[in-house]
Amino acid sequence: MSTITTINPYTQEELKTYELIDNTVLQQKLELAEAQFKNWKSFEIKDRRKRLSKVAKLLIERKESYAKLMTEEMGKPLAQGISEIEKCAWVCDFYAKNADDFLADQLIETDAEESFISYDPLGVILAIMPWNYPFWQVMRFAAPTLMAGNTALLKHASSTTECALEIQKLFEDAGFPEGCFQTLLVSHEQIESVISNDIVKAVSLTGSEGAGRKIAEIAGKNLKKTVLELGGNNACIVLKDADLDKHIATMAWARMQNAGQSCIAAKRFIVVEDIYDEFLSKFKAKVESYVVGNPMDDKTEIASMASVDLAEEVEAQVKKSLDLGAKVVLGNKREGALYHPTILENVTTEMPVFKEEVFGPVAAIIKVKNEDKAYDMASNSRFGLGSMVFTKKVDKAKKRIGDIADGAFFINELVKSDPRLPFGGTKTSGYGRELSKEGIMEFVNVKTVYSSK
Ligand code: NAD
């Protein structure tokens, strides 16, 4: 592949064709990133802050045009794209404000005259990112990484190439020196050489389990640190005392947000039998009420998936599950890349909709006898991004935190990312954390300084 052609998934129109860079240009970009690192790391935090705050300001000024770009490249409804850009501004403001505190030297009393921990940047960091939140995934990596004094390279999903180029331009327009943030239009084969290049010090990947295994293998061979944010199969536990009238909309959106293309979406609804019928009828009513269709239309809540291939993959997972005995409650209809919101019941543990990640708007409903069985069923997953439980007995739910091995546990709320809270998974959902203080610590050298007379 020496070119990339992007396609609007809703209209199927070709958008643009891009040339990949050759290895000579790639090497020049790596050298620029390394040279700029030596300069950028010497900037005072206040000078980095000024630039990141400017990024936040530009994001808000440009939110309509960036949202439109995401709609064209991956089908996200316009209004949801605007919210995504606002969240990007938030993460920039968050790190602009807090990086100073997070990175301050930490004095430790020992028998030394003075001893402390300092947090130095690592150098050039490579990010490999997915298309589902084309701006957010990149910004939540870039804001802490650049504030810490590193420089960044981005290999974005090919389907969101214009977003990737716009993000580089955004940093340049905000006054980041040339080479602080560069987008690389490269193939998977070239990425292998980027990771093994001495210039690159670490890799952050957000993507599928398969990509995680591949990138971790290459990085491991080269002894490079990785942060892996991979797939998920989140459980949503609905206990018999759940307040359905209050929370049913949250539960439905937990699955259907972004046409189901979210790693932290609720993919398995584990419902105790006492409340099952009431849950199913209210859940179905809510899902049926969504406006489905053209992502450019302001009212649309669920639009097409990001490509026909992806919708076909979901359709195949549903078909296999139906063959194994699942029953359609709603949906299971595909028109091109548009997969209509779907609810399946009679779901069992051997079905793809239970044991695999289904990256589309399909809710798998599992009926269980009681609370203990619900927690057991929720834990029955190779993935570990997050779980949610809906119940009025919040204190009792908190006692079960340790029963779930995931990276997040949400009570009466959908699993969501927030710049102030760490985000990441366990098991095959990956390792490492983004966001909060933990996120900025991933790409720094935690250095012990010891001084005596
Ligand atoms: P993907 O794995 O196909 O691609 C992700 C990125 O990795 C892309 O840039 C892709 O080009 C690159 N990539 C894939 N294989 C590669 C290889 N062999 N060498 C070099 N680069 C490679 O994933 P996707 O379809 O873009 O995104 C959907 C997946 O991402 C889902 O599994 C979803 O759960 C996951 N995801 C996880 C999180 C999280 O925070 N945990 C967030 C969003 C998405």
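Test of understanding: among 76, 87, which residue is farther than 23 Å from residue 219 by Cβ and outside any helix (DSSP H, G or I)? Talk me through it step by step, then tell me what you get.
Details: 87 fails: outside any helix (DSSP H, G or I).
Of the residues listed, the single one that is farther than 23 Å from residue 219 by Cβ and outside any helix (DSSP H, G or I) is 76.
Looking at 220, 207, 179, which is the one that is near the ligand (Cβ under 10 Å from one of its atoms) and of a type outside the set (Asp, Glu)? Show your work before the answer.
Working: 220 fails: near the ligand (Cβ under 10 Å from one of its atoms); 179 fails: near the ligand (Cβ under 10 Å from one of its atoms).
Only one candidate passes the filter, namely 207.
State whether the residues of the stretch 59-77 include one that is out of contact with any helix residue (DSSP H, G or I) (no Cβ under 8 Å at 6 or more places or on another chain), surrounded by 14 or more Cβ atoms within 10 Å (Cβ to Cβ) and under 19 Å from residue 142 (Cβ atoms).
no
If you scan the stretch 107-141, which residues turn out to be out of contact with any Ser or Thr (no Cβ under 6 Å at 6 or more places or on another chain), surrounded by fewer than 15 Cβ atoms within 10 Å (Cβ to Cβ) and over 27 Å from residue 228 (Cβ atoms)?
107, 109, 110, 111
Filtering the stretch 288-327 down to residues that are of a type outside the set (A, V, I, L, M) and touching an Asp or Glu at 6+ places or on another chain (Cβ under 8 Å), which residue is surrounded by the most Cβ atoms within 10 Å (Cβ to Cβ)? Talk me through it step by step, then tell me what you get.
Narrowing the stretch 288-327 to residues of a type outside the set (A, V, I, L, M): 288-290, 293-295, 297-301, 304, 307, 309, 312-313, 315, 317, 319-321, 323, 325, 327.
Then keep just the ones that are touching an Asp or Glu at 6+ places or on another chain (Cβ under 8 Å); that gives 290, 317, 327.
Numbers: 290: 16, 317: 20, 327: 12.
Ranking the candidates gives 317 first.
Any residue in the stretch 328-340 that is loosely packed, with under 15 Cβ neighbours inside 10 Å, without any contact (Cβ under 8 Å) to a residue 40 or more places away in the chain and in a loop (DSSP other than H, G, I, E, B)?
Initial filter on the stretch 328-340 (loosely packed, with under 15 Cβ neighbours inside 10 Å): 333, 335.
When the remaining residues are screened for being without any contact (Cβ under 8 Å) to a residue 40 or more places away in the chain, the result is 333, 335.
Next cut, in a loop (DSSP other than H, G, I, E, B) only: 333.
The answer is yes, given that some residue of the stretch 328-340 is loosely packed, with under 15 Cβ neighbours inside 10 Å, without any contact (Cβ under 8 Å) to a residue 40 or more places away in the chain and in a loop (DSSP other than H, G, I, E, B).
Of the residues that make up the stretch 247-255, is at least one of a type outside the set (Phe, Trp, Tyr), within 16 Å of the ligand (Cβ to nearest atom) and assigned to a loop (DSSP other than H, G, I, E, B)? So that I can check it myself, show each step before the final result.
To start, the set of residues in the stretch 247-255 that are of a type outside the set (Phe, Trp, Tyr) comprises 247-252, 254-255.
Retained after the next criterion (residues that are within 16 Å of the ligand (Cβ to nearest atom)): 254-255.
Within this subset, residues satisfying the condition of being assigned to a loop (DSSP other than H, G, I, E, B) are none.
No, every residue in the stretch 247-255 fails to be of a type outside the set (Phe, Trp, Tyr), within 16 Å of the ligand (Cβ to nearest atom) and assigned to a loop (DSSP other than H, G, I, E, B).
Look at the stretch 1-25 and say how many of its residues are touching a Lys or Arg at 6+ places or on another chain (Cβ under 9 Å) and not polar (S, T, N, Q).
Just the residues of the stretch 1-25 that are touching a Lys or Arg at 6+ places or on another chain (Cβ under 9 Å), to begin with: 4-6, 21.
Imposing the further condition that a residue be not polar (S, T, N, Q) reduces the set to 4, 21.
Matching residues across the stretch 1-25 total 2.
Hey, among the residues in the stretch 439-453 that are loosely packed, with under 12 Cβ neighbours inside 10 Å and part of a strand (DSSP E or B), which one's farthest from the chain's Cα centre (by Cα)? Full working, then the answer.
Of the stretch 439-453, the ones loosely packed, with under 12 Cβ neighbours inside 10 Å are 446-448, 451-453.
Applying the additional criterion that residues be part of a strand (DSSP E or B) yields 446-448, 451.
Numbers: 446: 26, 447: 29, 448: 32, 451: 42 Å.
It comes out as 451.
I'd like to verify a number: residues in the stretch 380-396 that are free of Cβ contacts under 8 Å to residues at least 40 places away in the same chain and either among the polar types (S, T, N, Q) or closer than 25 Å to residue 355 by Cβ (or both), how many?
Going through the stretch 380-396, the residues free of Cβ contacts under 8 Å to residues at least 40 places away in the same chain turn out to be 380, 394-396.
Keeping just the survivors that are either among the polar types (S, T, N, Q) or closer than 25 Å to residue 355 by Cβ (or both) gives 380.
Final tally of qualifying residues: 1.
A short reminder: the numbers here are calculations on the coordinates, not readings from a lab. Since the model is a prediction, treat every value here as computed from it, not as a measurement. With ideal geometry, Cβ positions are generated from the backbone for all residues, glycine too; neighbour counts draw on all protein chains shown.
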